[in-house]
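Beneath this line is the structure, given in structure tokens, with notes to follow.
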Amino acid sequence: MTRNSIISGLDWWTIILFLVIALFGWLNIYGASYTFDQTSLFDLSNRAGKQFLWIGIACVLGIAVLFIEGRTYEVTAYLIYAFWILVLLATPLLAHNTKGSMSWIDIGPLKFQPAELAKMITALALAKYMSNYDYHIRSWRDLLTPVMLLALPAGIIMIWQRETGSALVFASFLIMFYRFGMSGYVLTGGLSFVLLFICSIRFGGVALPWGEGNVGVLLCYLVLMAVVVGFMWLHEQDWKNSLILCGIVILLYAAGLIINIWHTVNFNLISLIALLSALVYFTSVIIYRRHFSLLLVTVYVAMSLIFCEACTMVFDKVLQPHQRTRIEVLLGLKDDPAGAGYNVNQSLIAIGSGQFTGKGFLKGTQTKLRFVPEQDTDFIFCTVGEEWGFLGSAGLLIVYLIFILRLIMIAERQRDNYSRIYAYCVVGIFFFHLTINVGMVLGLLPVIGIPLPFFSYGGSSMISFTLLLAVLLRLDSERLNKLL
């Protein structure tokens, strides 16, 4: 492609949205890091000046990426992936301990986080594998290799580099899998595991008001029974057997309550018997109809039971102390306003103080007096809420929404699977970052240190997000040259 055809083929609306978000983020970084003797937006001695420099560098690198032929990314995807795995493995050997994480490398006066670029490189490798002409997601076996491509960098980042937030971002690729044929039951199963974890940790120590047992176990078993009955109802379209399953469960619990009047009943045991009874009935129906593939539900329940038993061990032994504390504060198990809950509490105070229209640019007292830690990185959204109010916060989220919808439109108009798969990886990454960052600032999700795309301060994140987008824009610019 010639220079003119590249320029004419670019999606300029996406570029404009990128610039609007990046420049508004730059202004808010200036507001968050502002001191009263500070006068220039471009002063490299403060974070706003450095961020402007990062934006400039990211734009230059993004432009360079636009002039690399799209085919190059597909051809070299595996090679770059293998090289970056080695970089991720070497990172802790070169990095210094930063708040418990070994993911930052010092390059002269600069700090670089290889995990940020790993998302884009993994997306390229996934797109390469899944764009093979004979590849389709027909069963769970077809997901083994893609999941391994995801799990390798994610595992290295979480275990070897001790960087949980960056590793969790790899879950965003589930959006792409779902778009290209993965069953919705996989997403449902994943969400149910999250719900089981919450029930086990939040209510595991809460005793039932009757008999023996605890609320956590009861809720976990009810979730699993709801999955079994729902599967029978929705997948098999069998309302009759679904009602019979519900009847079995209700009768067992009713019998337990009646017996408990005269003799103390262990309702943890009743829950287990109810689940197993429903599962046996469900399995017998499946065997009678010879739908043996549906026995995967039995496997799911067995794995869920093991998972429920392991939740407490994982929470106590695997998670870091600060991670446990954050989850406990979020779930209401611990009140720690001066410790783990401090960031979120101060963030909510800052956002609430902005009210509808905000206090005005550079007039936010919570940010100026440094009440909110990490206010120009992970908690940058609270600066928007304080200085620009509800209108500014809602406006920013609307711009992000338009940006993500634009990316979906770009993904859908691609003429080859490689570009379309990569595009949906990009959609998932941006959506995940936006949702998690805003959710943790508002106290709806645990604080895990995920930046707001193009908005939070940081060179690694700005460059990686820009390159991620630039590769997509280059692939999109070539779509008209490809046959339908």
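Scaling the Cα radius of gyration of the stretch 103-146 by the globular reference 2.2 N^0.38 Å produces a ratio of 1.74. Within the stretch 361-484, the proportion of Cα pairs with more than 25 Å between them is 33 percent. Pairwise alpha-carbon distances in the stretch 42-105 exceed 14 Å for 74% of all pairs.
Extension gain, residue 257-residue 357: 0.36 nm per intervening residue step, less the Cα-Cα distance, totals 30.5 nm.
Listed by chain and number, the aspartates and glutamates whose C-alpha is less than 15 Å from the C-alpha of residue 128, apart from same-chain residues fewer than 8 away, are 74, 142, 416. Seen against the Cα atoms of the chain and their longest principal axis, helix 459-477 is set at about 90 degrees. Judged by the mean number of other Cβ atoms found within 10 Å, the most tightly packed of the peptides 162-168, 263-269, 464-470 leads the ranking 464-470, 162-168, 263-269.
The label point for residue 57 and the one for residue 273, both projected 7 Å from the Cα toward the Cβ, are 6.7 nm apart.
With N as its number of residues, the stretch 20-177 has a Cα radius of gyration that, divided by 2.2 N^0.38 Å, comes to 1.25. The stretch 115-138 and the stretch 198-221 have Cα centres spaced 41 Å apart. Taking the three principal axes of the alpha carbon atoms in the stretch 415-484, the coordinate ranges are 48, 24, 12 Å, sorted in descending order. Taking 0.36 nm per residue of separation and subtracting the current Cα-Cα distance, fully stretching the chain between residue 194 and residue 136 would add 18.1 nm.
Note on residue 313 and residue 186: their simple-model spin labels are 2.7 nm apart, each label 7 Å out from Cα toward Cβ. Can you compute log10 of I(q)/I(0) for the stretch 117-175 with the Debye formula, treating each Cα as one identical point scatterer, at q = 0.24, 0.29, 0.30 Å⁻¹? Relative scattering, expressed as log10 I(q)/I(0), comes to -0.99, -1.26, -1.31. Cross-linked pairs 50/359; 119/317; 119/359: Cα-Cα separations exceed 30 Å for 119/359. Just to be sure I understand the curve: with the Debye formula and one point per C-alpha of the stretch 218-280, what is log10 I(q)/I(0) at q = 0.22 Å⁻¹? For the stretch 218-280 at q = 0.22 Å⁻¹, log10 I(q)/I(0) is -0.84.
Expressed as a whole percent, the accessible area of the stretch 375-484 that falls on carbon and sulfur atoms is 74 (1.4 Å probe). Tell me, what % of the accessible area of the stretch 209-284 is carbon and sulfur with a 1.4 angstrom probe? Carbon with sulfur: 75 percent of the solvent-accessible area. A dipole drawn for the chain from +1 and -1 charges on Cβ atoms has a positive end, and of 263, 364, 27 the residue lying farthest that way is 27. Counting only aspartates and glutamates at least 8 places from residue 363 when in the same chain, those with an alpha carbon closer than 12 Å to its own are 386, 387. The calculated FRET efficiency for the pair residue 264 and residue 288, based on their C-beta separation and a Förster distance of 25 Å, comes to about 0.05. Per residue, the stretch 165-249 exposes 46 Å² of accessible surface when a 1.4 Å probe is rolled over the protein heavy atoms with every protein chain present. Helices in the chain, meaning DSSP H runs of at least 4 residues, each add -39500 (n - 2.57). Divided by all residues, the mean residue ellipticity at 222 nm is -22000 deg cm²/dmol.
In the set (1) 43, 31, 20; (2) 43, 24, 21; (3) 76, 28, 18, which value of semi-axes √(5λ) of the Cα gyration tensor in Å was calculated from the structure you see? It is the value labelled (1).
The values are calculated or read from the model by the stated rules, or taken from the named source; none is laboratory data. As the structure is a prediction and not an experimental result, all values here were calculated from the model. We place every Cβ from the backbone using ideal geometry, glycine too, and count neighbours over all the protein chains shown. Protein only, heavy atoms only, side chains kept; ligands, DNA and RNA dropped before computing areas. Shrake-Rupley method; radii C 1.70, N 1.55, O 1.52, S 1.80 Å.
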